[in-house]
Every structure is written in C-alpha cells, then in structure tokens.
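Accompanying notes for the structure given below.
Each value in this text was obtained by applying a stated rule to the coordinates, not by laboratory testing. This one's a predicted model, so the numbers in the text were calculated from it and none came from an experiment. All Cβ positions, even for glycine, are placed from backbone atoms using ideal geometry, and neighbour counts span all protein chains on display.
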C-alpha cells in the first residue's frame, strides 16, 4: 500500500459542462481543492489576466494547461499554424503559472493514412516550440493517448513512444501519465522506471479516473475512480516508487458526471481520492 497521499487537483474537464473557469476556481477552492488544470477555451472566455488573478487569489496550483499539440497537418502551412498556436499556448501557460503545457499531439491529417508521417510532424512540431518553452521555463508534457484515439487525436499511444520522443528532444520535454490511456500497457512499469531514470523531472503529471467495462463511448464515458477496472493504487505505487511527488489530477470526460451537480462531483472526487487512490 502506498504511503504518499498526493495532493488533489481537478482537471477542469471534469466539470466543463457545468462551470466556467471562474466558477471552477471558486468551486474547487470552496471544497479546499487547491489544484486545477485549465483548458484553453475556458481560459480564453475568462481572459488570461483575469484568470491569473483569480488563480492567485484562491491559492490555486495550476497542474497543467490543456492543451497544446495537434501538430499533424495536410501541408507545411498547416503545421506552421499549429506551431504558432503552440507558441501562444506556452505563453498562456507561463502567464497563469502552469506547471506544464499538456500536449495532445494529434492524429492523422484529413484523408491521410500516413501514421509514420504524422508522428514525424509531431516530432518536428515539438522540436520547433521546445526552444521557446525552455527559455520561458515551461515544461512540455507529451500525453500518450489510448490507441483508439490514434486516428483523430493522438498517434503517440504508449509510454514507450513518449519516452523515445523525450530522449530525442531533450531537456524540458516530459510526459503526462494518464491512467485512462496507458493502464493496458504491458510495459507500463518498465517505461515509468525508464522515464524517471532518464530524468527525475520527466514525469510531469499524473491523471486519474477509471475505465468502465463496458465502455459505451470512447470519449465521454470515463469513470470516477473506483467504478472501473484500473488498479489505481498499484498505478500510484509505480509513480511513487520512482519518486513522483506531484498532484493526482482527476480528469473525467463523462456525460454522467457532466449531468451531476458540480459540487457533488467535487465532493465525490475528494472522497475517491482518499479511499481508492
């Protein structure tokens, strides 16, 4: 049994249908949750300066800004547009004091079947923004997504692929480990160990939720911790064993929880963090 109780953060996606960014900051703080991951669309609605003020006033740690990435494009102009947007995202992350910019790297361009080429564009895109991110002191967190998202959201699908990119791209590029996306990986522990051995700062974020069986929707049927099949306690021990001491960030895309009173959602997150994580 793990001995470390990571502090709790809630990714804004968990209450994105109920609360604006202001409401999420105030709501999480009301329940004494002092960690939040912010989404860029909600940040844009609020305004960067106002968001930074609200986060500071409520003593919130920003465990990540979601999301950068989405690099693959049909042509060079499209890739450059993605690079430019990611450079802006780095600046936004700095402005709100985020601990990292989370990269959902992108899938295949429209009408493409070239997954090798898409992965090359991801590498080239991250390489293009890495110098600016390093200069700004903003870590880039590659988030490998479950293979079911390879076509449309991310064709970086395993911890091994993410580690390979980190090895190639160097300092300032790390990994956001999301249990929903990598719990199935038979090489999970090996790659968590590899990440920490390569760089103690490579493991930048730890996202938690659960995999429901059966899953009725590949995007919006994530489970609350303890309601599915992921051994989150064992997963947490793997992270602890290599020295991770950051936040446990609840990120739940779920129609069920989006149709629940948001204060109840937050209370449930707190209870499950204490009981099953």
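The one condition from (1) closer than 17 Å to residue 7 by Cβ; (2) within 19 Å of the chain's Cα centre (by Cα); (3) crowded, with 19+ Cβ neighbours inside 10 Å that residue 272 does not meet is (2). The C-beta contact set for segment 183-204 (first residue closer than 16 Å to residue 99 by Cα, second residue loosely packed, with under 13 Cβ neighbours inside 10 Å, distance under 7 angstrom, 6+ apart or interchain) comprises 200/243.
Listed here are the residues, each with its yes/no results for (1) closer than 20 Å to residue 86 by Cα; (2) out of contact with any strand residue (DSSP E or B) (no Cβ under 6 Å at 6 or more places or on another chain); (3) in a helix (DSSP H, G or I).
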site: 9; (1), (2), (3): no, no, no
site: 14; (1), (2), (3): no, no, yes
site: 18; (1), (2), (3): no, yes, no
site: 23; (1), (2), (3): no, yes, yes
site: 43; (1), (2), (3): yes, yes, yes
site: 50; (1), (2), (3): no, yes, yes
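Just need a number here: residues in segment 52-83 that are more than 29 Å from residue 119 (Cα to Cα), in a helix (DSSP H, G or I) and in contact with a helix residue (DSSP H, G or I) (Cβ under 8 Å, 6 or more places away or on another chain). Going through segment 52-83 one residue at a time, the tally reaches 3. If you check residue 81 against the conditions, is it over 19 Å from residue 22 (Cα atoms), surrounded by fewer than 22 Cβ atoms within 10 Å (Cβ to Cβ) and without any contact (Cβ under 8 Å) to a residue 12 or more places away in the chain? It is true that residue 81 is over 19 Å from residue 22 (Cα atoms), surrounded by fewer than 22 Cβ atoms within 10 Å (Cβ to Cβ) and without any contact (Cβ under 8 Å) to a residue 12 or more places away in the chain. Counting only residues that are surrounded by fewer than 24 Cβ atoms within 10 Å (Cβ to Cβ) and over 18 Å from residue 7 (Cα atoms), segment 61-75 holds 5 of them. Taking the criterion of being within 18 Å of residue 269 (Cβ to Cβ) and under 21 Å from the mean Cα position of the chain (by Cα), the residues of segment 24-41 that qualify are 24, 25, 27, 28, 29, 33, 34, 35, 36, 37, 38, 39.
Of the residues in segment 117-140, not one is surrounded by fewer than 21 Cβ atoms within 10 Å (Cβ to Cβ), within 21 Å of residue 219 (Cβ to Cβ) and either touching a residue at least 40 places away in the same chain (Cβ under 8 Å) or out of contact with any strand residue (DSSP E or B) (no Cβ under 7 Å at 6 or more places or on another chain) (or both). When each of 249, 240, 234 is tested for being part of a helix (DSSP H, G or I) and either surrounded by 16 or more Cβ atoms within 10 Å (Cβ to Cβ) or touching a residue at least 40 places away in the same chain (Cβ under 8 Å) (or both), the lone residue that passes is 240.
Scanning segment 84-109 for residues being out of contact with any strand residue (DSSP E or B) (no Cβ under 8 Å at 6 or more places or on another chain) and either in a strand (DSSP E or B) or in contact (Cβ under 8 Å) with a residue 12 or more places away in the chain (or both) gives a total of 6.
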